[in-house]
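Visitor: Before I ask anything, here is the structure I am working with.
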Amino acid sequence: MELDQWKEIWQADTPATHTDHQILRALLDKKSGSPVARMKRNLNAELWLIIISYGAAILFYFFAFDGRMIEISWFMLMIGAFFIVYYIRKRKLLREMEDLSSHVKSNLEKQVQSLETYIRIYLVGGTALIPISMLFFGWLMYTKSRYISPGNIFFPSEQNPLWKVIAVWVMLTVIITVVMYFINKWYVRKLYGRHAEKLRAVLDEMKGDDQ
Amino acid sequence: MIHKVCHVYCHNPGDRDDLFQEIVIQLWKAWPGFRGESRFSTWMYRIALNTAISGLRRNRHQTVYLEPSLFTDSLKDESDTTEKEEKLATLYAAIRRLSELERAMIMLYLEDKTYEEMEEILGVNQNSLRVKMNRAKEKLRRLTKPS
């Protein structure tokens, strides 16, 4: 059968479309299952998790131990402020990705670029938090060790000179950061990486014969 | 048109229903931004194809009928026995074996769109489109040839 005959068969097929308002309403009431809508939901869940957990921890360290651990509250407040910046940046990217009215090629370019930036922010943000936290808690333990009974390698004491404690913290920080980097990389790839690769492949195909 | 996009991009009824819903949602959300700079059908094709191509479809290993299709009579069951529907099912099956871009191009070709309109929808220049289209048509010919 020739392609023109297939065309006739295709054009002869005119699905009957019902414009029942109730059906339309029901469709529009359902949650969108698009990747962007899911990412938005994940980001909002992340925001609530941070607000609740950080909020509780900030309040706790503000008042507990007679305020001797108030530095933890300030540190968490600072991390929380960074998270707000991270949230706004990600939210902006998702808003850009939501517009599907441009032609397919430029939409794909936008999707791939935004998704890759999104993944980079996720990876950098998630990994950078580890050394920053380790550094802070190392410093905290050093300055507050008089409140916590020392006796192990994590605290400077007569048996553990400062250089030894610092070396342990640095080693630990490097190991945990590297491990977390790979865990984050695996997780973000699992969430969005394959999708980005698929979009990149379609885009490459579109650009294939460009003159 | 939306039904046809769903059929071209999804094999099973569950995925088709999901994609149909998604396209309707995206059209609804995008409607306030439609300025009439392009034809309505071009705008609609863009949104439908962008949703289909950039959407993440689940790979269902079994056919799940979420609900009987409420929107169409002729596309609801590929096992309908009339000859015309069998041919249509063969055509859809062949198109689904093409790449995502080729599916979009072949669909626009079958809809009798000009290269100019295709360029407006896909954003690929006409010279490049002609080359790709020849390849896609050749593939479709091979795939629809009775063995």
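The values are calculated or read from the model by the stated rules, or taken from the named source; none is laboratory data. This one's a predicted model, so the numbers in the text were calculated from it and none came from an experiment. Note that each Cβ is placed from the backbone with ideal geometry, even for glycine, and that neighbours are counted across all protein chains shown. Side chains included, ligands, DNA and RNA excluded: accessible areas come from the protein's heavy atoms. Shrake-Rupley method; radii C 1.70, N 1.55, O 1.52, S 1.80 Å.
Visitor: Would you mind telling me which numbered condition in (1) open to solvent by 90 Å² or more (accessible area, probe 1.4 Å); (2) not in a loop (DSSP other than H, G, I, E, B) A:Thr14 fails?
Guide: It is condition (2) that A:Thr14 fails.
Visitor: Continuing with this model, one more query. If you scan segment A:84-115, which residues turn out to be touching a residue at least 40 places away in the same chain (Cβ under 8 Å), more than 14 Å from chain B (Cβ to nearest Cβ) and open to solvent by less than 60 Å² (accessible area, probe 1.4 Å)? Steps first, please.
Guide: Here is the first cut: in segment A:84-115, the residues touching a residue at least 40 places away in the same chain (Cβ under 8 Å) are A:87, A:90-91, A:94, A:97-98, A:104-105, A:108-109, A:111-112, A:115.
Filter once more, so that each one left must be more than 14 Å from chain B (Cβ to nearest Cβ): A:87, A:90-91.
Once the filter is applied, which keeps residues that are touching a residue at least 40 places away in the same chain (Cβ under 8 Å), more than 14 Å from chain B (Cβ to nearest Cβ) and open to solvent by less than 60 Å² (accessible area, probe 1.4 Å), segment A:84-115 yields A:Tyr87, A:Lys90.
Visitor: Here's a follow-up. So, in segment A:18-56, how many residues would count as being open to solvent by 50 Å² or more (accessible area, probe 1.4 Å) and aliphatic (A, V, I, L, M)?
Guide: Number of matching residues: 7.
Visitor: Return yes or no: is A:Leu43 in a helix (DSSP H, G or I), closer than 24 Å to B:Ser54 by Cβ and of a type outside the set (Ser, Thr, Tyr)? Show your work before the answer.
Guide: Details: in a helix (DSSP H, G or I): yes; closer than 24 Å to B:Ser54 by Cβ: yes; of a type outside the set (Ser, Thr, Tyr): yes.
It is true that A:Leu43 is in a helix (DSSP H, G or I), closer than 24 Å to B:Ser54 by Cβ and of a type outside the set (Ser, Thr, Tyr).
Visitor: Write out, first by first residue and then by second, each pair whose Cβ atoms fall under 8 Å of each other, whose residues are 6+ apart or on separate chains, and whose first residue, in segment B:75-104, is assigned to a loop (DSSP other than H, G, I, E, B) while the second is of a type in the set (Ser, Thr, Tyr) and at pLDDT 85 or above.
Guide: B:Glu78/B:Tyr92; B:Arg96/B:Tyr9
Visitor: Still on this structure, please answer the following. Please enumerate the residues belonging to segment B:23-38 that are surrounded by fewer than 16 Cβ atoms within 10 Å (Cβ to Cβ) and at pLDDT 85 or above.
Guide: Taking segment B:23-38 as the starting set, the residues that turn out to be surrounded by fewer than 16 Cβ atoms within 10 Å (Cβ to Cβ) are B:28, B:31-37.
Those that are surrounded by fewer than 16 Cβ atoms within 10 Å (Cβ to Cβ) and at pLDDT 85 or above: B:Trp28, B:Trp31, B:Pro32.
Visitor: Regarding A:Leu28, is this residue within 23 Å of A:Leu203 (Cβ to Cβ), among the aliphatic types (A, V, I, L, M) and within 14 Å of another protein chain (Cβ to nearest Cβ)? Give the derivation first.
Guide: Details: within 23 Å of A:Leu203 (Cβ to Cβ): no; among the aliphatic types (A, V, I, L, M): yes; within 14 Å of another protein chain (Cβ to nearest Cβ): yes.
Considered against the rule, which asks whether it is within 23 Å of A:Leu203 (Cβ to Cβ), among the aliphatic types (A, V, I, L, M) and within 14 Å of another protein chain (Cβ to nearest Cβ), A:Leu28 comes out as no.
Visitor: Against the condition of a type in the set (A, V, I, L, M, F, W, C) and more than 14 Å from chain B (Cβ to nearest Cβ), how does A:Ile51 come out, does it pass?
Guide: Numbers: of a type in the set (A, V, I, L, M, F, W, C): yes; more than 14 Å from chain B (Cβ to nearest Cβ): yes.
So A:Ile51 passes the test.
Let's see how each residue does on (1) part of a helix (DSSP H, G or I); (2) open to solvent by 60 Å² or more (accessible area, probe 1.4 Å); (3) without any contact (Cβ under 8 Å) to a residue 60 or more places away in the chain:
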| position | (1), (2), (3) |
| --- | --- |
| A:Ser133 | yes, no, yes |
| A:Phe136 | yes, no, no |
| A:Phe154 | no, yes, yes |
| A:Ile176 | yes, yes, yes |
| A:Ala196 | yes, no, no |
